[in-house]
Amino acid sequence: MSEQSSFTRVQYKKGARIIKQGREGGALYLIVEGSAAVVRDYKSDKARTLAKIGPGAIFGEMSLLDHEPHAASVIALEDTELSTMAQDEFDRLYEEMNPIMQGIIQLLIDRLRQNL
């Protein structure tokens, strides 16, 4: 994914919660610098790290695609710089996509959510 003017830069300090599990989505995130952990049930005795991600990684896409709450929290593991794209811009780009591809993406998102 190339970065264009539709992205806004934001910074998070180490330990900051970028996304909170269960909250509605509103943006797509691209890590420019730093790293983050994708964590299910953050701050509970059932906490489970699903992934550690770094520069070039994208997150927040599932909520943008299916309009469901975030399936996990994302926590900055170090000072982290992100580029974000708002829901409306994401929707505009998604609507330009071939309907067959939209259907395949939705199927994949549904399968992912079932397995989290």
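Values quoted throughout were computed directly from the atomic coordinates according to the rules given, and no laboratory measurement underlies them. If you're wondering where the values come from, they're calculated on a predicted model, not measured in any experiment. Positions of Cβ are backbone-derived with ideal geometry, glycine not excepted, and every protein chain shown enters the neighbour counts.
Go through segment 13-18 residue by residue and turn each phi into a ³J(HN,Hα) via Karplus (6.51, -1.76, 1.60, θ = phi - 60°); whole Hz please, and just put x for glycine and proline.
Computed from phi, the couplings for segment 13-18 are 7, 3, x, 6, 8, 7 Hz.
I need the semi-axes of the equivalent ellipsoid of segment 8-114: take the C-alpha gyration tensor, multiply each eigenvalue by 5, square-root it, list largest first in whole angstrom.
So the three semi-axes of segment 8-114 are 24, 17, 11 Å.
Within segment 15-114, list the trypsin sites (Lys or Arg not before Pro) lying in a DSSP loop whose Cβ has at most 15 other Cβ atoms in a 10 Å radius.
Filter output for segment 15-114: K20, R23, K43, K46.
Can you list which of the GluC sites (Glu not before Pro) found in segment 1-92 are DSSP loop residues with at most 14 other C-beta atoms within 10 Å?
Passing sites in segment 1-92 are E3, E24, E78.
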